[in-house]
Amino acid sequence: MDGLLMNNLGRNSVILALIVLGAVFAREAAAADPPVPHDESVYGVKALVGMACSKCHGQTGVSISPLFPILAAQRPSYIEMELQLFRQRSRGDPHARAFMWGIARALDDHQIEALAQYFSSQPRVSVRAAKDPALAAKGKSIYENGVPERDILGCIGCHGPNAEGLNTFPRLAGQHRDYLAIQLQQFNGRRFNGQLRETEDEIAAVTEYLASK
């Protein structure tokens, strides 16, 4: 009987030792190479970007064509708002109708939120030097102070001191010059209430400044 008890104790000791050793190996393996969580929402949004967004905006939100906006590091609340407006067909400018109405029509709220979070989390583009420093300096003055003699307010109040965007007002820093110019022209009477009334020269100055931010 005592021999049987000793054999059981010995066997249990070996099993316990193996369990402890296995736990140590598992802990060391996890520390060396932590597992990547399987997040269906992440995989889903990357596939959606690849199928629907990347051709115009790039896989990471950095568009190659200057006619399409850079979405990397854009404010998520702004992306959500714009996609909802596209889906509702409330954005009526020509580029919205041509490119975004059909794409946004198929998106549900969850996909819109996921896309907004994805693009906003991408690194911003590297700062690019101004092509025309004197023009950029004029644009900086307009951005910060507006054009008081024509009752045009500066952009800083809505878009922030570094053009980083505030709430649903978009990030403008680092955006393509051509895209910014098109949108400012749209604001001059076509989008929202047409409060912006810059001249072509003033638009060129502001876009030069913002593109170099």
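The values are calculated or read from the model by the stated rules, or taken from the named source; none is laboratory data. For clarity, every value in this text was computed on a predicted model and none was experimentally measured. Cβ coordinates were reconstructed from backbone atoms using ideal geometry, including for glycine residues, and neighbour counts include every protein chain displayed. The accessibility values were calculated without ligands, DNA or RNA, using every heavy atom of the protein model including side chains. Shrake-Rupley method; radii C 1.70, N 1.55, O 1.52, S 1.80 Å.
The set of residues in the range 85-100 being of a type in the set (A, V, I, L, M), closer than 15 Å to Phe68 by Cβ and surrounded by 15 or more Cβ atoms within 10 Å (Cβ to Cβ) consists of Ala96, Met100. The listed residues are Ile142, Ile70, Ile79, Ile103, and the only one of them that is surrounded by fewer than 16 Cβ atoms within 10 Å (Cβ to Cβ), of a type in the set (A, V, I, L, M) and in contact (Cβ under 8 Å) with a residue 40 or more places away in the chain turns out to be Ile103. For the condition of a type in the set (A, V, I, L, M) and surrounded by 18 or more Cβ atoms within 10 Å (Cβ to Cβ), Ala134 does not qualify. Determine whether the range 121-133 contains at least one residue that is in contact (Cβ under 8 Å) with a residue 24 or more places away in the chain and more than 24 Å from the chain's Cα centre (by Cα). Within the range 121-133, one or more residues are in contact (Cβ under 8 Å) with a residue 24 or more places away in the chain and more than 24 Å from the chain's Cα centre (by Cα). If only residues of the range 120-129 that are open to solvent by less than 60 Å² (accessible area, probe 1.4 Å) and modelled with pLDDT of 95 or more are counted, the one that is nearest to Glu198 (Cα to Cα) is Ser120.
Kindly indicate whether any position in the range 25-44 is within 30 Å of Asp178 (Cα to Cα), in a helix (DSSP H, G or I) and at pLDDT below 95. Please lay out each step first, then the result.
The initial filter retains those residues of the range 25-44 that are within 30 Å of Asp178 (Cα to Cα), namely none.
No; the residues of the range 25-44 include none that is within 30 Å of Asp178 (Cα to Cα), in a helix (DSSP H, G or I) and at pLDDT below 95.
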